[in-house]
Amino acid sequence: MTIYIETDRLILRDWDEEDLLPFQQMNANQQVRRFFPSLLSYRRSELDMQKMDEIIKEHGIGLFAVELKETGGWLGFIGLNYISENSKYSFEELPFYEIGWRLIPEVWGNGIASEGAEAVLDYAATHGIEEVYSLTAEQNVSSIKVMEKINMQLYDHFEYPELSNYNPLKKHVRYYKKLNK
Ligand SMILES: CC(C)(COP(=O)(O)OP(=O)(O)OC[C@H]1O[C@@H](n2cnc3c(N)ncnc32)[C@H](O)[C@@H]1OP(=O)(O)O)[C@@H](O)C(=O)NCCC(=O)NCCS
């Protein structure tokens, strides 16, 4: 296990085999996936976890597994996702880094996402990343709160690709932050 970031309460690290089952359960939870188009199958979660781990090991930055220091318990992930020019999005600014978070419901509302995300922004700045975006559905108030708590600014509204115009999750927001070198 390699630790990349440490905060008062959290360890952000690469992924471990033992993270797989809680990660699969989190991604199959209706409450967690409320603002996403679908639940994720256990197989899809397994592939996603492998990919996140490979990216961290190769680039030293990515979507980190989050562990509570005090208990060693697995809480979810917080980190950066590289959105390439070939992505499903049609933004002019591609490629860019997106900061994102997904935590188990048991720990929501304790400032965990904000604490981890703040540390990820510092880490990103020391790794030469100059700007970061964050994307979410307009209804995802808690995620938007995290963006605001880490001093990101509303950048624009956009329509999420691959969803019908009638889908209530179609309308998304994009937040932005320029990082200090
Ligand atoms: C988004 C998420 C990571 C936030 O994690 P968290 O650790 O609870 O975040 P924080 O405690 O740092 O901040 C959340 C803020 O939203 C508030 N909040 C939570 N639910 C809310 C709601 N339904 N309405 C209004 N505010 C809400 C919290 O009170 C807190 O604000 P405060 O610090 O001013 O009290 C977590 O809710 C989650 O994993 N959601 C499911 C996955 C997801 O949607 N990820 C983001 C996709 S872009």
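The values are calculated or read from the model by the stated rules, or taken from the named source; none is laboratory data. None of the values given here were measured: they were computed from a predicted structure. Glycine gets a Cβ as well: all are built from the backbone with ideal geometry, and neighbour counts include every protein chain shown. Heavy atoms of the whole protein, side chains included, go into the accessibility calculation; ligands, DNA and RNA do not. Shrake-Rupley method; radii C 1.70, N 1.55, O 1.52, S 1.80 Å.
Tell me the trypsin sites (Lys or Arg not before Pro) within segment 50-121 that lie in a loop according to DSSP and have at most 16 other beta-carbon atoms within 10 Å.
Filter output for segment 50-121: LYS69, LYS88.
What does the net charge come to around TYR97 if you take all other residues with beta carbon closer than 11 Å to its beta carbon, with K and R at +1 and D and E at -1?
-3
Students sometimes get this wrong: rank PHE35, PHE96 by accessible area, probe 1.4 Å, all chains present, largest first.
PHE35, PHE96
About the Cα centre of segment 3-178, how large is the charge dipole given +1 on each Lys and Arg Cβ and -1 on each Asp and Glu Cβ? Please answer in debye to the nearest 20.
Dipole magnitude for segment 3-178 comes out near 660 debye.
Cβ under 13 Å from ASP16's Cβ, ASP16 left aside: what net charge do those residues give with Lys, Arg +1 and Asp, Glu -1?
Residues near ASP16 contribute -4 overall.
Tell me, what is the FRET efficiency for LYS149 and SER41 to the nearest 0.05, using R0 = 45 angstrom and their Cβ-Cβ distance as r?
Plugging the Cβ-Cβ distance into 1/(1 + (r/R0)^6) gives 0.90.
If you take every residue apart from LEU39 with its C-beta less than 15 Å away from the C-beta of LEU39, what net charge results, scoring Lys and Arg +1 and Asp and Glu -1? Each step should come with its number before you reach the end.
Values: positive: ARG33, ARG34, ARG43, ARG44, ARG102; negative: GLU46, ASP48.
Counting the neighbours of LEU39, the net charge comes to +3.
Which pairs in the list LYS69/LYS149; LYS57/LYS170; LYS145/LYS178 are over 24 Å apart, alpha-carbon to alpha-carbon?
LYS57/LYS170, as the Cα separations exceed 24 Å there.
With viscosity set to 1.002 mPa s and temperature to 20 °C, compute the Stokes-Einstein D of segment 8-96, Rh being the Kirkwood radius across alpha carbon pairs; µm²/s, no decimals.
Once the numbers are plugged in, D ends up at 150 µm²/s.
Around PHE64, which amide H atoms from residues at least 5 apart in sequence, or from another chain, sit under 5 Å from its own amide H, with H modelled in the peptide plane?
ILE78, GLY79, LEU80
Taking the Cα atoms of segment 44-88 alone, what are Rg (to one decimal) and Dmax (as a whole number) in Å?
Rg then Dmax for segment 44-88, in Å: 12.2, 41.
Could you estimate the translational diffusion coefficient of segment 88-177 from the Stokes-Einstein equation, with Rh from the Kirkwood formula over C-alpha pairs, at 37 °C and 0.692 mPa s, in whole µm²/s?
This corresponds to a translational diffusion coefficient of 234 µm²/s.
Given the Cα-Cα distance of GLU130 and TYR82 and 0.36 nm per residue of separation, how much length would full extension add, in nm?
Answer, rounded to one decimal: 16.0 nm.
Highest mean first, how do 20-29, 116-125 rank when packing is the count of other Cβ atoms within 10 Å averaged over residues? Present the calculation step by step, with values, prior to reporting the outcome.
On the way: 20-29: 17.2, 116-125: 20.2.
So the peptides 20-29, 116-125, ranked by packing, come out 116-125, 20-29.
Rounded to two decimals, what is Rg over Rh for segment 3-178 when you use alpha-carbon atoms and the Kirkwood radius?
0.93
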